[in-house]
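Structure first, commentary second.
The values are calculated or read from the model by the stated rules, or taken from the named source; none is laboratory data. None of these values were measured; they are calculated from a predicted model. Every residue, glycine among them, receives a Cβ derived from its backbone with ideal geometry; neighbour counts consider all protein chains shown.
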Amino acid sequence: MMMNHSLKNRCKVAPGTVIAGKWHSNKYTVLKELGYGANGIVYLAKFKNSQVALKMSDNGMSITSEVNVLRSFAKVQGSTLGPSLLDVDDWNSNRGQISFYVMEYIQGPDLLSFIQTKGKAWTTVLILQLLNDLNKLHENGWVFGDLKPENLIVTGPTPKIRCIDVGGTTLQGRAIKEFTEFYDRGYWGLGSRKADPSYDLFAVAMIMINTAYPKRFNKSTGGITQLREAISKQKDLLLVEKVIVKALHGQYSNALQMRSDLLSLVTDNKSISPGNKSTTINSTNSTFHNPKANQPPNQAKSRQTYRKKKKKNRWVETISITIFIAFLYFLYIFQKLL
Amino acid sequence: MYTGKIRQILLITDGCSNQGEDPIAMAALAKEQGISVNVIGVMEQDVIDEKGMTEIEGIAMSGGGVSQIVYAQQLSQTVQMVTRKAMTQTIQGVVNRELQQILGRSQTIEDLPPEKRGEVMEVVDELGETVELEVLILVDTSASMKHKLPTVKEALLDLSLSLNARTGDNQFSVFVFPGKKNDVEKILDWTPKLQSLTSIFSQLTTGGITPTGPAIRTALSSFNTKRSLRSLMTGDDESFLEESM
């Protein structure tokens, strides 16, 4: 990398260009450019009547590095966070050999535009999905790293959050490979850049703040004070303040903890009448998640009522969990004060 | 498994040199000693002129390093990216030479099938995480840099945050040019942490001239005294990365 523009130029190809692999001899026809980043350009391409995404880079090693990550994603059972890898190859263009890989084309708006058009009610649902996927990733020894709304795509017809850029994914215990300042805990002075699950959870908390401040904001005083102030000015954020602050402090060591805290907070806020069923936290999670996953795409209305019923049933249990957590939190604060 | 170390000079400047030796020649001298020279050109509202640009690219090119022009606001992210890229570049260079020895003259990583390449990349990643890194930072303190210095300080603290998240050891040293008395002045000797910069930076004065060439030359001798001091103390001859370069 001498200058960024030289990299862009070499990988710049016109729609209609046929890219033929040197090793596997598959042929891809470029349809249009989807986007470009520091590490290359992504194109929409046609392969045997199906649409795929093709990423090209001057820097063959960064392609190889991302392919390694996608390969290990494929080994994670049941995770659908990243795109699936279809092919890796080199292309002998008239400007020299260019490395590329081909992946599943994930179509949809990014997280912030989706929430803007479909309503803020979706924020929590999508964050819960994200936390679930992150948990699987973390369990397999990885940390996503460069988590930000631009990298998160919501696909349909049943809205599902997916990630499109895996360039920042890092093995736990190593230094984070790529990050974006606003979502980076080091930038805010709230922790190191060593890859551990709480690094991603910090970014998730910042994404939640980002949904209320779509234009982001700059660091002034930095640290937790500035972030808490930003939270306190937004009603939507105040509802989930506890979870956000805990994540900003790095007090969640795994995504499921954060998920269940968030879940109990939102269900508590919205329910009105008490129910009489009580189950454990874990089963609450699964009953919330499974019906949604099995929903046919066009039953949004019945899903809403179904969820309401569920909420009533869990009222007592949510209250008790909240009280319990509030008690623990109180103990913690008390201990800090001493 | 691998005990070499990577040595870099990171030059942060906003324009053309105007005193002393040709900085491009000095960068070439650094490369001969296995030290790569990376350059970051910092802009604000003002734009770096053609001559400054050519020099910045020239220094990085002949110093075997990476160059990047940025606005002051993006400095933090760029400093850590450039350092990382240069480090990976050096490691790839070493790995490529090893491969050539094993597979024959013209073979590089790029000539391997994509599947094999993945395994090589894992080694490169692993080395990037564990290798010992020495970064000598050269900060231009000519008059035009005056109001950019607080941003430079932030960026350097951020760099030490990024690099200290690695498993491998880091050593930093900071020089400014022009200095109070000489062309170049050392403001921080080799240390694993950059935190002490905070107090030093607020006392810096800026001067008129930009002796980039002499600055690089002095930086080189700092690497050399460090090496001789250490080998004197520990009595071992470390296998330096540059020996295979």
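Miscellaneous remarks
- Enumeration of residues in the range B:133-179 that are within 14 Å of chain A (Cβ to nearest Cβ), within 20 Å of B:Gly65 (Cα to Cα) and either touching a Pro at 6+ places or on another chain (Cβ under 6 Å) or in contact (Cβ under 8 Å) with a residue 40 or more places away in the chain (or both): B:Leu133, B:Ala155, B:Leu156, B:Leu159, B:Ser162, B:Leu163, B:Asn170
- Test: residue in the range B:38-53 that is among the acidic types (Asp, Glu) and within 18 Å of the chain's Cα centre (by Cα): no
- Against the conditions (1) crowded, with 18+ Cβ neighbours inside 10 Å; (2) of a type in the set (Ser, Thr, Tyr); (3) in the same structural domain as A:Leu128 (by TED's automatic domain parsing), A:Ser232 satisfies every one except (1).
- Matching entry among A:Thr211, A:Thr170 (being of a type outside the set (Lys, Arg), within 14 Å of another protein chain (Cβ to nearest Cβ) and touching an Asp or Glu at 6+ places or on another chain (Cβ under 9 Å)): A:Thr170
- Residue within the range A:201-209 that is aromatic (Phe, Trp, Tyr) and touching a Lys or Arg at 6+ places or on another chain (Cβ under 9 Å) present: yes
- Selected residue [more than 10 Å from every other protein chain (Cβ to nearest Cβ) and free of Cβ contacts under 8 Å to residues at least 12 places away in the same chain] from B:Gln101, B:Gln74: B:Gln101
- There is at least one residue in the range B:185-199 that is modelled with pLDDT under 90, touching a Phe, Trp or Tyr at 6+ places or on another chain (Cβ under 7 Å), of a type in the set (A, V, I, L, M) and buried (at least 16 other Cβ atoms within 10 Å of the Cβ).
- Residue in the range B:150-167 that is touching a Ser or Thr at 6+ places or on another chain (Cβ under 7 Å), closer than 26 Å to A:Tyr187 by Cβ and surrounded by fewer than 16 Cβ atoms within 10 Å (Cβ to Cβ) present: yes
So that you can scan it fast, the table gives a plain yes or no per residue for (1) touching a helix residue (DSSP H, G or I) at 6+ places or on another chain (Cβ under 8 Å); (2) at pLDDT below 95; (3) over 29 Å from B:Arg84 (Cβ atoms):
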residue	(1), (2), (3)
A:Tyr187	yes, yes, no
A:Lys194	no, no, no
A:Asn210	yes, no, no
A:Gly223	no, yes, no
A:Ala230	yes, no, yes
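- Filtering the range B:99-118 to residues that are under 30 Å from the mean Cα position of the chain (by Cα) and closer than 13 Å to A:Val67 by Cα leaves B:Arg117, B:Gly118.
- Criterion (within 12 Å of chain A (Cβ to nearest Cβ), of a type outside the set (A, V, I, L, M, F, W, C) and crowded, with 17+ Cβ neighbours inside 10 Å) met by exactly one of B:Gly34, B:Gly93, B:Gly20, B:Gly41: B:Gly41
- Any chance A:Asp165 is buried (at least 21 other Cβ atoms within 10 Å of the Cβ), more than 14 Å from chain B (Cβ to nearest Cβ) and within 26 Å of B:Thr83 (Cα to Cα): yes
- Each residue in the range A:42-73 was checked for being outside any strand (DSSP E or B) and either under 27 Å from A:Thr17 (Cβ atoms) or within 13 Å of chain B (Cβ to nearest Cβ) (or both), and 17 pass.
- Meets criteria (under 15 Å from the mean Cα position of the chain (by Cα), assigned to a helix (DSSP H, G or I) and of a type outside the set (Asp, Glu)) for B:Gln89: yes
- Of the residues in the range B:45-55, at least one is modelled with pLDDT of 90 or more, at negative phi, part of a helix (DSSP H, G or I) and more than 10 Å from chain A (Cβ to nearest Cβ).
- Residues being modelled with pLDDT of 90 or more and closer than 24 Å to A:His138 by Cβ - total across the range A:44-63: 0
- Odd one out for A:Ser84 among (1) closer than 19 Å to B:Glu115 by Cα; (2) polar (S, T, N, Q); (3) surrounded by 15 or more Cβ atoms within 10 Å (Cβ to Cβ): (3)
- Qualifying residue in the range B:107-129 (condition: polar (S, T, N, Q), over 25 Å from B:Asp140 (Cα atoms) and more than 8 Å from chain A (Cβ to nearest Cβ)): yes
- Residue match in the range A:197-206 (condition: farther than 19 Å from A:Glu241 by Cα, modelled with pLDDT under 95 and not basic (Lys, Arg)): no
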